[in-house]
Amino acid sequence: MNNALIKPIHDSSFWQGAAKVLLAFVFWHIGTIGNASEISALDDSALSDVTGRDGLSFAFHVDANIGSAVIDTSDFAGNPATLALNNVSVTGSVGGTLDVVAGKSGNPDFVNWAFPNLVGLNNLQIGSDLLVTANGSSFGTGIQMQNVAFGRTNMQLTGASGGGIAFGLGLNLEIGDVLLQPNGRGASNGQMDINGIAVSAAESNGTAPWAMANINTQPGTINVVTDASGNASVQVGIGWATTPGAAPSGSLQIGNITFTTPGGQVNLGSSSIGSMQIQYLNIRFKT
């Protein structure tokens with residue numbers, strides 16, 4: 001990824017769909033949403049589940065066909081290559097809170113975006129068609145992510161001291177199934193099914209988020225950096241933990257991996273990582 005050349009997304013419908021998702025919470029607590037047929041407000045009973053604190057509570061239902069995202073890059077030999085996500089669709093209900101929280105020890109205030117674990121909310125169905133073209137060949141597969149639940153997940157955003165954006169991310173994620181279908185979405189012949197995926201804090205039994213980045217002790221950053229030759233790059237990273245052993249540990253659970261072929265099914269069973277940490281991360285994208 002260090003040598004990836006990112007160009008603008010080609011399909012304007014991608015931006016239109018993304019804008020609908022980002023602006024949906026503005027229509028919080030109203031009965032209808034104009035002509036935005038892909039977004040509908042939830043009723044007062046759903047909203048009442050996320051109120052009771054300062055800040056903005058929001059809940060909305062999304063049913064959006066976002067379009068396509070195309071990244072032009074290059075392969076290891078320097079030849080043109082393309083990574084495309086086509087026909088992206090997202091359906092489900094989302095609810096949470098937005099708060100401005102005072103920073104600690106002289107750090108700046110930050111925005112906290114929290115997704116409580118509420119019945120019927122924060123559960124999405126996501127589909128897309130992946131196409132990779134490189135070295136004169138192409139490979140494509142349908143990808144379906146079913147029952148993507150991210151209750152108890154939280155994210156913090158603020159300005160970074162050296163410029164750019166600083167972020168924290170606490171991830172508590174469950175995915176019912178990830179279906180890879182090379183013969184097209186919905187075609188189970190040749191399908192790979194990874195089900196029962198769960199990411200959370202280690203030894204929390206799924207009840208607490210894994211703090212992949214912490215806004216105070218191990219912040220993530222998004223910035224534009226320039227090398228000695230004046231070449232600019234987009235940098236995404238997570239800094240070293242400020243104290244030894246401070247990087248939180250996460251766990252990954254996979255319930256089952258199954259291949260379906262014309263000859264039948266092959267079951268590879270379950271898999272897990274009991275403890276994993278991000279000590280440091282630095283990714284740069286050439287512009």
Could you tell me which residue of the stretch 34-84 is farthest from the chain's Cα centre (by Cα), considering only residues that are of a type in the set (A, V, I, L, M), within 19 Å of Phe115 (Cβ to Cβ) and at pLDDT 80 or above? Leu56
Please enumerate the residues belonging to the stretch 224-238 that are in contact with a strand residue (DSSP E or B) (Cβ under 6 Å, 6 or more places away or on another chain) and at pLDDT below 90. Val224, Val225, Thr226, Ala232, Ser233, Val234, Gln235
Check off (1) hydroxyl-bearing (Ser, Thr, Tyr); (2) more than 20 Å from the chain's Cα centre (by Cα); (3) farther than 19 Å from Gly103 by Cβ for Thr242 and give me the number that stays unchecked. (3)
Flagged in the stretch 170-188 as outside any strand (DSSP E or B), of a type in the set (Gly, Ala, Ser) and without any contact (Cβ under 8 Å) to a residue 60 or more places away in the chain, in numbering order, are Gly184, Gly186, Ala187
In the stretch 206-229, residue surrounded by the fewest Cβ atoms within 10 Å (Cβ to Cβ) [restricted to those that are of a type in the set (S, T, N, Q) and farther than 11 Å from Asn172 by Cβ]: Ser229
Residues that are at pLDDT 95 or above, in contact with a Ser or Thr (Cβ under 6 Å, 6 or more places away or on another chain), buried (at least 18 other Cβ atoms within 10 Å of the Cβ) and assigned to a strand (DSSP E or B): does the stretch 161-168 have at least one? no
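The values are calculated or read from the model by the stated rules, or taken from the named source; none is laboratory data. All values derive from a computational prediction rather than experimental measurement. Cβ: placed from backbone, ideal geometry, glycine included. Neighbour counts: every protein chain shown.
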